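The values are calculated or read from the model by the stated rules, or taken from the named source; none is laboratory data. The structure displayed is predicted, hence computed values, not measured ones. In this analysis, Cβ positions are derived from the backbone assuming ideal geometry, glycine residues included, and neighbour counts consider all displayed protein chains. Calculation scope for accessible area: heavy atoms of the full protein, side chains included, ligands and nucleic acids excluded. Shrake-Rupley method; radii C 1.70, N 1.55, O 1.52, S 1.80 Å.
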Amino acid sequence: REDAAAVTRLISSLGKPGRYAHIAPASAVVASPMRRTMQTAGAIADAIGVTVESLENIREIGFGDWDGRTSDEIAATEPGAWNSWRGSWTVAPPNGESLETFDKRLQQGREEILRQHAGKTVVVVAHVMPIRGFLRWGFAATEASYWRSQVAPCSVTIIRAWEIGRAHV
């Protein structure tokens, strides 16, 4: 909650004198429909005077049977499946999504955000894998980039998108 409050203060400072004066104030908040993101998004939206838009396509990757379990638990109980999934583009957790399937959904969500909010500063409140997917797009990187970036809870990633397929991270 403290981290979410700090992010809210940072987002509220966009366009004001200081470190982020060059970025226009946020005019929209779009969030994954999952509870933890909606809570953080709600605090940010309240602070900047907008409502939260929920977008299913930016929901966290579907971990299927692994949802709610830690990496260590899965590695200990299902080492074969775990090792096959880690670093793979096409292997999915049992009853979950492969990165390939997830990325298609996520990029549709990103495109929807860009279409609906062209030229605006939009706060997107999401999860580790969606943020990695936005970074992959921003860097025009391969799918291997999903496995190479670290995303901390309540961290802030700024991606400025312009034209089709062009971005600054």
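Tabulated values for the structure
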read-out	value
Relative contact order %, the chain, counting alpha carbon pairs below 8 Å whose residues are six or more apart	23
Theoretical ellipticity at 222 nm over the chain - DSSP helices of four or more residues, -39500 (n - 2.57) apiece, nearest 500	-12500 deg cm²/dmol
Packing-based order for 63-76, 121-134, 82-95, using average beta carbon neighbours within 10 Å, highest first	121-134, 82-95, 63-76
Förster radius 41 Å - calculated FRET efficiency between Ser145 and Thr51, Cβ distance, rounded to 0.05	0.80
Total charge dipole magnitude, the chain, about the Cα centre, Cβ charges on Lys, Arg, Asp, Glu only, Debye to nearest 20	720
Förster radius 25 Å - calculated FRET efficiency between Gln108 and Glu163, Cβ distance, rounded to 0.05	0.85
Region 21-97 and region 104-142: distance between their alpha carbon centers, rounded to Å	13
Rounded to the nearest 10 Å², the accessible area of Leu114 at probe 1.4 Å	70
In degrees, nearest ten, helix 128-138 long axis to first principal axis of the chain (Cα)	70
Listed residue (Ser88, Gln107, Gly15) projecting farthest to the positive dipole end of region 1-145, Cβ model	Gly15
Relative contact order (percent, whole number), region 122-169, Cα cutoff 8 Å, 6+ residue spacing	38
Geometric extent, Cα atoms of region 44-166 - Rg, Dmax (angstrom)	15.7, 48
Helix 99-116 axis, angle to the chain major axis (alpha carbon atoms, nearest 10°)	10
Length added when fully stretched, Asp72-Ala152, from 0.36 nm per residue minus Cα-Cα	27.0 nm
Accessible surface, 1.4 Å probe, highest first, among residues Trp147, Trp137, Trp162	Trp162, Trp147, Trp137
